[in-house]
Amino acid sequence: MQVVKRGLFIVFEGLDRSGKSTQSKMLASYLENELQVPVKSICFPNRESVSGKTLNQYLQNRDMKYPDEAIHLIFAANRWEMRDQILSDLKSGITLICDRYAFSGVAYSAAKGLDFEWCKNPDRGLVKPDLTFFIDANAETIKSRSDYGSERYERVEFQKKVSESYGKFKQEAEADEHWVTVQADGKSIEEMHSEILDKFIKYRESQSEGCDDLDKLAGALFVEQK
Ligand code: ADP
Ligand code: DGP
């Protein structure tokens, strides 16, 4: 009987226009075409679901008034809606490449002044990613990129605060093999891709004896390991 090896759950995080979608697509395409790994690309917020339609309206309309705490919970609900699908895909051997996840939830709401630890609460117990690539780009550098400024959060001053919140994850994750910071400034798209690929392949090889049991990751996001 052939045993299906589970897929890996790979997340990309970073500021708006830092290059997440570009790098997620490049990694997905490499895995699929060069390594013949079954891959699915997903992103948060998922703007198609019931909660996602509200989030889309909120992001596109800066004048829409809504309490920061309430929108925070809706972003988290948007991720919970996908939890079972994520687990089922990973179990069936599909590697997921995910553009944003719960770290965005905390970083963006904390940037508005909400308490960092409080912000983690609604996402506690989601599936923990195998690897999170944090694209560390300078908020000033990326403001000239295409389409910048079209949505609610795309303002340099706010993005600088988001960057500070992500900085806390960077500190918490020091020496954590599940978090990889990729410096973006001064690097071309191709240079970043090869750095990410290199880190991905090393991680995959380090897990060749069998990656973390899915049960171990299933409810582990933001939950203290005993
Ligand atoms: P995000 O998904 O983080 O919002 P994108 O991947 O859509 O960002 O990239 C935003 C823009 O910046 C795109 O036009 C993309 O081609 C460009 N871009 C991405 N990475 C780089 C880079 N390293 N150097 C210069 N431009 C980049
Ligand atoms: P994107 O589709 O990646 O451009 O993301 C849309 C915007 O939503 C972007 O400015 C980041 C923000 N965002 C993503 N996830 C969350 C979240 O969970 N909470 C908050 N407050 N903002 C988020």
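Quick look at the numbers
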| read-out | value |
| --- | --- |
| Translational diffusion coefficient (Stokes-Einstein; Kirkwood radius from C-alpha pairs) of the chain at 10 °C, 1.306 mPa s, in µm²/s | 88 |
| Stokes-Einstein D (µm²/s) once Rh is taken as the Kirkwood radius of the stretch 144-220 over alpha-carbon pairs, at 37 °C in 0.692 mPa s | 210 |
| Accessible area per residue, Å², the stretch 1-116 with all protein chains present, probe 1.4 Å | 47 |
| Dipole-positive endmost among ALA139, SER92, CYS119 within the stretch 77-161 (Cβ charges, Cα centre) | CYS119 |
| Most to least accessible of SER29, SER51 (protein chains only, probe 1.4 Å) | SER29, SER51 |
| Cα centre as origin, Lys/Arg/Asp/Glu Cβ charges: the chain dipole, Debye | 540 |
| Euclidean distance between Cα centres, the stretch 76-105 to the stretch 128-153, Å | 20 |
| Carbon + sulfur, % of accessible area of the chain - ligands and nucleic acids excluded, 1.4 Å | 49 |
| VAL39, VAL106, ranked by accessible area, largest first (probe 1.4 Å) | VAL39, VAL106 |
| The chain: angle of helix 102-111 to the longest principal axis, Cα-based, in degrees nearest 10 | 20 |
| Rel. contact order, % - alpha carbon contacts under 8 angstrom, at least six apart, the stretch 1-61 | 15 |
| Accessible area expressed per residue, the stretch 144-226, with surrounding protein chains retained (probe 1.4 Å, Å²) | 63 |
| Pairwise label distance in nanometres, GLU191 with GLU174, each label 7 Å out on the Cα-Cβ vector | 2.6 |
| For CYS43, residues with placed amide H under 5 Å, excluding near neighbours | ASP99 |
| Three principal axis lengths of the stretch 31-118 [C-alpha, angstrom, descending] | 46, 27, 23 |
| Most to least accessible of ILE189, ILE196 (protein chains only, probe 1.4 Å) | ILE189, ILE196 |
| Long-range HN-HN contacts of LYS187 with modeled amide H, under 5 Å | none |
| Links that overshoot a 30 Å alpha carbon limit, given the list LYS5/LYS199; LYS65/LYS199; LYS112/LYS199 | LYS65/LYS199; LYS112/LYS199 |
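The values are calculated or read from the model by the stated rules, or taken from the named source; none is laboratory data. Just so we're clear, the structure is a prediction, and the values are computed from it rather than from any experiment. A quick note on method: Cβ atoms are made from the backbone with ideal geometry, for glycine too, and the neighbour counts reach across all protein chains shown. Just the protein is used for accessible areas: all its heavy atoms, side chains included, with ligands, DNA and RNA removed. Shrake-Rupley method; radii C 1.70, N 1.55, O 1.52, S 1.80 Å.
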